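Asks: Pasting in a structure now, in structure tokens, and then I'll have a few things to ask.
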Amino acid sequence: MNLSLGFPDFSKDLSLSPRQSLESVVSHFREVHREPDSAVRAIHHQPPSEGVFADIPAAVDPRLRDVLAARGIARLYSHQAEAFDRIHGGRNVVIVTPTASGKTLCYNLPVLNLLLNDPGARAMYLFPTKALAEDQLHEFHSVVEEMGSDIRAFTYDGDTPQDARRAIRQRANVVLTNPDMLHSGILPHHTRWARYFENLRYIVIDELHYYRGVYGSHLANLLRRLRRICEFYNSRPQFICCSATIANPRELAEALVEAPFELIDRNGAPRGEKFFIFYNPPVVNRQLGIRRSYIAESRRMALKFIENKLQTLVFANNRLATEILVTYLKDACDRGPIPSDSVRGYRGGYLPRERREIERKLRDGEIRAVVATNALELGIDIGSLDAVVMAGYPGTIASSWQRAGRAGRRQGTSAAVMVASSAPLDQYIVEHPGYFFERSPEHAYINPQNLEILLAHVKCAAFELPLRDGEPFGPHDLSEICRFLEETGFLHHSAGAFHWTSDTYPADATSLRSISSDNFVVVDITAEPKVIAEVAYTTALTTLHEKAIYLHEARQYHVERFDYTERKAYVKSVDCDYYTDAIDYTQVKTLEEVESDALSGARRAHGDVRVNRQIVGFKKIKFYTNENVGAGNLNMPEQEMHTTAFWLHFPADFLSRLAEFTPTERQSGINGLGNALRTVAALLLMCDPRDLGVALSEKVEGGTLFEPNLYLYDMYPGGIGQSAPLFRMATDLLQKTRGLISACPCEAGCPSCVGPAGEVGERGKSVAQRILSELTGPLQPESASAPTQSPAPNSLDPTSGTPHP
């Protein structure tokens with residue numbers, strides 16, 4: 001089947017409306033879906049539905065009623081009215097409805113209503129990204145202007161000019177910010193915000209589902225600090241949370257805020273018709289299990305929508321894939337009638353001015369397509385799009401629906417296409433559509449008790465206000481931690497409290513989103529030096545090393561110099577036909593074994609480990625063909641991290657059962673087993689595979705005995721509660737991994753199971769299967785089925801055994 005030749009082209013038929021053109025493209029997908037072994041694995045039709053309305057509550061100010069009437073809103077959606085009544089009644093609420101269901105009005109209406117009647121009141125809006133805060137400020141201002149009110153709202157983030165910050169602190173009724181700025185720019189300077197905190201009445205947390213795992217664990221501690229400051233100024237603000245659909249929104253809100261919440265989850269908004277298409281690129285080498293490039297297939301899908309005059313948003317899962325897709329789409333447009341500047345990229349690292357321009361042009365229809373990372377996944381208003389193409393599975397069902405919901409946001413017909421990569425997780429989802437469409441949404445879990453996270457925020461809290469003897473911080477008695485910080489020179493005990501005495505600024509040393517708080521600045525020195533981007537520390541080591549090709553807005557830049565000390569990378573614009581991919585070397589050493597037991601001649605364990613990672617080289621990969629056209633060696637600074645891990649230990653006696661395989665084949669097979677274990681572990685834990693690292697560490701005795709440990713380790717310092725559950729579910733993990741590998745049709749290994757034969761050897765898959773058969777005994781019939789999820793506990797405490805997704 002050659003799908004590339006089968007798409008109808010309606011671009012020259014001006015009589016077709018966007019709806020007719022979209023329906024024609026979907027009809028063609030349906031025809032292809034009926035073919036044997038079709039690459040179209042599923043087409044899910046979501047029919048339109050009518051809205052459920054309610055009268056505007058009597059407590060709404062007449063001035064707000066007039067603005068709503070001017071916008072054609074005579075009645076509210078039922079969930080908007082219910083939210084207003086409960087918020088007006090003084091209760092904390094969490095609102096959970098789908099994308100584009102009018103959640104913004106759920107919090108703007110009560111906040112504006114309060115400010116109209118109490119001009120001295122204050123409110124804080126927390127958004128996970130600066131772009132979303134800017135978008136919501138625009139919406140808030142439009143309502144205020146229509147009322148002719150003097151309510152003042154401002155964004156306060158890293159882009160806010162220094163000369164404007166004092167005026168915002170003094171004058172703002174509503175401050176729209178993000179957790180990073182609250183952490184480092186507001187709470188440590190709370191004395192400058194005294195009037196604001198004294199009158200703070202509402203705290204709005206939008207996109208609640210975003211705060212899970214490490215980021216959510218940081219936010220929970222940040223909110224402990226925020227509530228502590230509010231209590232100091234005698235204010236007790238009310239919380240309003242909004243979330244996309246997840247399974248445990250109230251539990252998540254209560255874990256983050258540590259206060260009771262009421263749930264509003266009956267959606268009253270109408271819904272447009274949507275087609276959700278699963279596409280699995282055709283196999284081009286059945287022996288190796290290699291499929292056509294998902295990047296190239298995503299490009300082709302996007303082009304068909306673009307050529308048929310359908311405004312399209314393409315999601316990629318990382319910065320590199322984003323820039324490659326922008327390059328491919330611009331090249332294709334240059335060869336056709338569509339101008340290349342109608343395709344743009346959008347990701348973190350673009351300067352604020354660029355991002356605002358792209359958002360505006362997308363809303364106004366000046367841009368035909370945007371390729372974005374998850375930076376556009378959240379609720380930024382980008383107008384009414386016709387189609388979404390996802391280059392790869394985003395990692396969770398919730399994120400997939402969030403991205404699909406960016407099309408058809410104004411009740412029109414829309415389509416979403418998910419193009420699967422060869423990653424095992426993608427392959428499982430695309431080949432088991434029922435697992436996706438019939439499954440309840442994921443649970444979101446956090447671990448605010450992570451000692452490293454907790455300790456960092458205790459330092460910040462002490463910097464902000466002295467820690468009184470016996471003062472709780474969440475559920476914790478801080479006496480022992482404070483004594484430790486006193487011994488290490490950070491605190492001093494005096495007059496019944498611990499006071500900050502260090503000359504350091506603790507918020508700067510704590511990043512809410514990544515392992516390190518350092519960013520690298522990218523400086524273009526092609527002509528007059530200018531800053532073109534910022535890159536996180538961990539990403540910089542793999543993308544900004546010397547001789548790397550750095551991609552920005554589909555342009556290639558050669559890294560001339562990497563200044564590790566000054567955190568700068570100097571680049572020059574070049575025109576080349578390749579990009580670079582870093583090669584790393586990882587070593588893991590066991591520090592403490594918390595628990596272990598025998599497992600069919602091997603041993604399973606979990607505990608604390610030290611991970612050392614170093615970037616040792618890079619490959620040059622040619623655009624389009626993905627050929628390896630060169631390589632280079634690097635000597636980058638080594639990164640060290642203490643974290644937690646689950647591991648399997650293979651003694652020499654166990655490996656002696658694999659006598660038919662050479663030592664090299666055994667080692668390659670164990671590496672391949674680690675790849676498959678990580679995929680299944682991510683499904684069982686409902687986390688991103690990138691939250692887990694894999695490493696093989698050799699234990700050699702007397703210089704001759706090969707007794708390796710295969711580690712699955714948490715990718716975050718201190719761990720995020722994943723290792724102990726993996727230890728407890730080891731048998732299930734191994735059975736399902738065996739089923740995954742056995743069900744894969746490849747002969748010697750492929751990206752969808754243990755990894756390509758070129759990486760794990762010609763017998764790598766056989767070794768992995770043999771090890772699993774020794775560990776698990778007879779293959780269970782259900783092993784190839786969808787991994788089951790443990791019942792969710794009532795508590796979000798990681799000691800319950802169910803970690804975050």
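The values are calculated or read from the model by the stated rules, or taken from the named source; none is laboratory data. Predicted model, so just to flag it, every value in this text is computed and none were measured. Every residue, glycine among them, receives a Cβ derived from its backbone with ideal geometry; neighbour counts consider all protein chains shown. Accessible surface areas use protein heavy atoms only, side chains included; no ligands, DNA or RNA. Shrake-Rupley method; radii C 1.70, N 1.55, O 1.52, S 1.80 Å.
Asks: Pull out all pairs, ordered by first then second residue, where Cβ-Cβ is under 6 Å, the residues are six or more apart or on different chains, the first lies in region 107-134 and is farther than 18 Å from Trp193 by Cβ and among the hydroxyl-bearing types (Ser, Thr, Tyr), and the second is at pLDDT 95 or above and open to solvent by less than 10 Å² (accessible area, probe 1.4 Å).
Replies: Between residues of region 107-134 that are farther than 18 Å from Trp193 by Cβ and among the hydroxyl-bearing types (Ser, Thr, Tyr) and residues that are at pLDDT 95 or above and open to solvent by less than 10 Å² (accessible area, probe 1.4 Å), the close pairs are Tyr107/Val204; Tyr107/Ile240.
Asks: Sticking with this one: Inspect region 744-751 for any residue being at pLDDT 85 or above and within 16 Å of Ile670 (Cβ to Cβ) and give the result as yes or no. Before you say what the answer is, go through the steps one by one.
Replies: Taking region 744-751 and keeping what is at pLDDT 85 or above, we get none.
There is no residue in region 744-751 that is at pLDDT 85 or above and within 16 Å of Ile670 (Cβ to Cβ).
Asks: Another one. Just a yes or no: is a residue in region 560-567 touching a Leu at 6+ places or on another chain (Cβ under 8 Å) and at pLDDT 85 or above?
Replies: Quick first cut of region 560-567, residues touching a Leu at 6+ places or on another chain (Cβ under 8 Å) only: 562.
Then drop every residue that is not at pLDDT 85 or above, which leaves 562.
There is at least one residue in region 560-567 that is touching a Leu at 6+ places or on another chain (Cβ under 8 Å) and at pLDDT 85 or above.
Asks: Here's something else I'd like to know. Considering only strands (runs of 3 or more DSSP E) fully contained in region 637-717, which possess at least 2 residues that are small (Gly, Ala, Ser) and at pLDDT 85 or above? Can you show your working first?
Replies: Values: elements: 639-649, 692-697, 709-714.
Result: 692-697.
Asks: Residues that are among the aromatic types (Phe, Trp, Tyr) and within 28 Å of Ala253 (Cα to Cα): find the helices (runs of 4 or more DSSP H) completely inside region 84-180 holding 1 or more of those. Even if it seems obvious, please write down each step before you answer.
Replies: Values: elements: 103-117, 130-147, 162-171.
Result: 103-117, 130-147.
Asks: Is at least one residue of region 288-307 assigned to a strand (DSSP E or B) and either among the acidic types (Asp, Glu) or more than 16 Å from Thr373 (Cα to Cα) (or both)? Give the steps one after another, and end with the answer.
Replies: Just the residues of region 288-307 that are assigned to a strand (DSSP E or B), to begin with: 290-291.
Applying the additional criterion that residues be either among the acidic types (Asp, Glu) or more than 16 Å from Thr373 (Cα to Cα) (or both) yields 290-291.
Scanning region 288-307 turns up at least one residue that is assigned to a strand (DSSP E or B) and either among the acidic types (Asp, Glu) or more than 16 Å from Thr373 (Cα to Cα) (or both).
Asks: Limited to region 378-402, what total is found for residues that are surrounded by 22 or more Cβ atoms within 10 Å (Cβ to Cβ) and among the charged types (D, E, K, R)?
Replies: Of the residues in region 378-402, 1 are surrounded by 22 or more Cβ atoms within 10 Å (Cβ to Cβ) and among the charged types (D, E, K, R).
Asks: What are the pairs, 6+ residues apart or on separate chains, where a residue within region 340-360 that is more than 23 Å from Arg299 (Cα to Cα) has its Cβ under 9 Å from a residue that is among the β-branched types (Val, Ile, Thr)?
Replies: The qualifying pairs are Leu351/Val531; Leu351/Ile532.
Asks: Cβ contacts < 6 Å: first residue under 29 Å from Val93 (Cα atoms), restricted to region 260-286; second residue open to solvent by less than 10 Å² (accessible area, probe 1.4 Å) and assigned to a loop (DSSP other than H, G, I, E, B), any location; separation 6+ or different chain. Result?
Replies: Asn267/Thr97; Asn267/Ser101; Ala269/Ser101
Asks: Further question on the same structure: May I ask you to list pairs of residues, at least six apart or on different chains, whose Cβ atoms are under 7 Å apart, with the first in region 37-60 being farther than 17 Å from Val25 by Cα and the second being in a strand (DSSP E or B) and open to solvent by less than 40 Å² (accessible area, probe 1.4 Å)?
Replies: Phe53/Leu76; Ala54/Leu76; Ile56/Leu76
Asks: Can you name every residue in region 194-213 that is open to solvent by 20 Å² or more (accessible area, probe 1.4 Å) and not hydroxyl-bearing (Ser, Thr, Tyr)?
Replies: Ala194, Arg195, Glu198, Asn199, Arg201, Arg212, listed by residue number.
Asks: Checking Gly272 against (1) open to solvent by 50 Å² or more (accessible area, probe 1.4 Å); (2) within 21 Å of His44 (Cβ to Cβ), only one condition comes out false. Which one?
Replies: (1)
Asks: For region 566-604, how many residues are within 24 Å of His642 (Cβ to Cβ) and of a type in the set (S, T, N, Q)?
Replies: 4
Asks: Follow-up. Which of the residues belonging to region 133-150 are out of contact with any strand residue (DSSP E or B) (no Cβ under 9 Å at 6 or more places or on another chain) and open to solvent by less than 20 Å² (accessible area, probe 1.4 Å)?
Replies: Kept after step one, since they are out of contact with any strand residue (DSSP E or B) (no Cβ under 9 Å at 6 or more places or on another chain), are these residues of region 133-150: 135, 138-139, 142-143, 145-150.
Of everything in region 133-150, those that are out of contact with any strand residue (DSSP E or B) (no Cβ under 9 Å at 6 or more places or on another chain) and open to solvent by less than 20 Å² (accessible area, probe 1.4 Å) turn out to be Asp135, Val143.
Asks: Oh, and also: When the residues of region 603-626 are filtered to those that are within 15 Å of Cys576 (Cβ to Cβ) and touching a strand residue (DSSP E or B) at 6+ places or on another chain (Cβ under 7 Å), which remaining residue is modelled with the highest pLDDT?
Replies: Of everything passing the filter in region 603-626, Phe618 is modelled with the highest pLDDT.
Asks: Tell me which residues, restricted to region 27-47, are of a type outside the set (S, T, N, Q) and within 29 Å of the chain's Cα centre (by Cα). Spell out how you get there, then give the answer.
Replies: Step one: filter region 27-47 for residues of a type outside the set (S, T, N, Q), giving 28-37, 39-45, 47.
Listed by number, the residues that qualify are Ala39, Val40, Arg41, Ala42, Ile43, His44, His45, Pro47.
Asks: Let me ask another. Would you point out which residue out of Leu256, Leu223 is in contact (Cβ under 8 Å) with a residue 40 or more places away in the chain, touching a Phe, Trp or Tyr at 6+ places or on another chain (Cβ under 9 Å), buried (at least 20 other Cβ atoms within 10 Å of the Cβ) and not in a strand (DSSP E or B)? I'd like the intermediate steps shown before the answer.
Replies: On the way: Leu223 fails: in contact (Cβ under 8 Å) with a residue 40 or more places away in the chain.
Result: Leu256 is the single residue among Leu256, Leu223 that is in contact (Cβ under 8 Å) with a residue 40 or more places away in the chain, touching a Phe, Trp or Tyr at 6+ places or on another chain (Cβ under 9 Å), buried (at least 20 other Cβ atoms within 10 Å of the Cβ) and not in a strand (DSSP E or B).
Asks: In region 275-287, what count of residues is obtained for those that are surrounded by 22 or more Cβ atoms within 10 Å (Cβ to Cβ) and part of a loop (DSSP other than H, G, I, E, B)?
Replies: 2
Asks: Among (1) touching a Cys at 6+ places or on another chain (Cβ under 9 Å); (2) modelled with pLDDT of 95 or more, which single condition is Arg224 missing?
Replies: With respect to (1) touching a Cys at 6+ places or on another chain (Cβ under 9 Å); (2) modelled with pLDDT of 95 or more, Arg224 is out only on (1).
Asks: State whether the residues of region 47-61 include one that is buried (at least 16 other Cβ atoms within 10 Å of the Cβ), over 30 Å from Leu115 (Cβ atoms) and touching a Ser or Thr at 6+ places or on another chain (Cβ under 6 Å).
Replies: For region 47-61, residues buried (at least 16 other Cβ atoms within 10 Å of the Cβ), over 30 Å from Leu115 (Cβ atoms) and touching a Ser or Thr at 6+ places or on another chain (Cβ under 6 Å): absent.
Asks: Before we move on, is Arg236 at pLDDT 95 or above, charged (D, E, K, R), in a loop (DSSP other than H, G, I, E, B) and surrounded by fewer than 19 Cβ atoms within 10 Å (Cβ to Cβ)? Give the derivation first.
Replies: Details: at pLDDT 95 or above: yes; charged (D, E, K, R): yes; in a loop (DSSP other than H, G, I, E, B): yes; surrounded by fewer than 19 Cβ atoms within 10 Å (Cβ to Cβ): yes.
For Arg236, the condition - at pLDDT 95 or above, charged (D, E, K, R), in a loop (DSSP other than H, G, I, E, B) and surrounded by fewer than 19 Cβ atoms within 10 Å (Cβ to Cβ) - is met.
Asks: Residues in region 643-674 that are in contact with a helix residue (DSSP H, G or I) (Cβ under 6 Å, 6 or more places away or on another chain) and either of a type in the set (Ser, Thr, Tyr) or buried (at least 24 other Cβ atoms within 10 Å of the Cβ) (or both): how many?
Replies: 7
Asks: Suppose the filter is at positive phi and at pLDDT below 90; does Gly739 pass it?
Replies: On the way: at positive phi: no; at pLDDT below 90: yes.
So Gly739 fails the test.
Asks: May I ask you to list pairs of residues, at least six apart or on different chains, whose Cβ atoms are under 8 Å apart, with the first in region 755-779 being closer than 23 Å to Met729 by Cα and the second being β-branched (Val, Ile, Thr) and open to solvent by 60 Å² or more (accessible area, probe 1.4 Å)?
Replies: Final answer for the pair search is Thr776/Thr731.
Asks: Further, regarding this structure: Sort through Arg355, Arg360, Arg319, Arg347 and tell me the only one that's among the charged types (D, E, K, R), within 24 Å of Asp577 (Cα to Cα) and open to solvent by 10 Å² or more (accessible area, probe 1.4 Å). Outline the logic, then answer.
Replies: Values: Arg355 fails: within 24 Å of Asp577 (Cα to Cα); Arg360 fails: within 24 Å of Asp577 (Cα to Cα); Arg347 fails: open to solvent by 10 Å² or more (accessible area, probe 1.4 Å).
Residue meeting the stated conditions: Arg319.
Asks: Filter region 729-772 for residues that are over 17 Å from Ser600 (Cβ atoms), open to solvent by 30 Å² or more (accessible area, probe 1.4 Å) and in a helix (DSSP H, G or I) and give the result.
Replies: Leu740, Ser742, Ala743, Gly758, Glu759, Ser766
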